[in-house]
Amino acid sequence: YTDELRIDRVARLAALSPSGFHRMFTRHTRLTVTEYVTRLRIGKACALLTEGDKQIAHIAEQVGYRSLANFGRQFKALKGLTPREYRGRFAN
């Protein structure tokens, strides 16, 4: 989940066409592949934000985001808080 997502490569591993893989994945998870990976990344970022004082930019990069701005937008869309606000909720 930290690397760039290439549906064609994943579909090939599953011996499916990209559209067939997408349909099967969505049917079983009720999420698109992109939504699923975003949730994985943000979930891991939440864990990293609460367990240490690593810089937010480093956390974003560690979970697969090349752009800190995009990470912030995705995080807020999913959690309703910025990464800094989320971390603040768990500070001692």
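The values are calculated or read from the model by the stated rules, or taken from the named source; none is laboratory data. What you are looking at is a predicted structure, and each value in this text was computed from that prediction instead of being measured. Here the Cβ positions follow ideal geometry from the backbone for every residue, glycine too, while neighbour counts run over all protein chains shown.
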For this session: Consider only pairs whose beta carbons are under 8 Å apart and that are at least six residues apart or on different chains; among these, list those whose first residue lies in the stretch 74-92 and is over 18 Å from Val63 (Cα atoms) and whose second residue is surrounded by fewer than 13 Cβ atoms within 10 Å (Cβ to Cβ).
Result: Phe90/Thr50
Exercise. Out of curiosity, is Ala60 at negative phi, touching a helix residue (DSSP H, G or I) at 6+ places or on another chain (Cβ under 8 Å), among the small types (Gly, Ala, Ser) and crowded, with 16+ Cβ neighbours inside 10 Å?
Worked result: yes
Exercise. Any idea how many residues of the stretch 1-44 are under 30 Å from Arg87 (Cα atoms), exposed (fewer than 12 other Cβ atoms within 10 Å of the Cβ) and either touching a strand residue (DSSP E or B) at 6+ places or on another chain (Cβ under 6 Å) or at pLDDT below 95 (or both)?
Worked result: 3
Seminar exercise, completed: Counting only residues in the stretch 74-92 that are of a type outside the set (A, V, I, L, M) and under 15 Å from Val37 (Cβ atoms), the one surrounded by the fewest Cβ atoms within 10 Å (Cβ to Cβ) is identified as Gln74
Seminar exercise, completed: Flagged pairs (Cβ under 6 angstrom, 6 or more apart or on separate chains; first in the stretch 55-68, under 13 Å from Lys44 (Cβ atoms); second of a type in the set (A, V, I, L, M, F, W, C) and part of a helix (DSSP H, G or I)) are Ile59/Ala45; Ile59/Leu48; Ala60/Leu68; Ala60/Phe71; Val63/Ala45; Tyr65/Phe71
Problem set entry | Subset of the stretch 45-92 [hydroxyl-bearing (Ser, Thr, Tyr) and in a loop (DSSP other than H, G, I, E, B)] | Tyr65, Ser67, Thr82
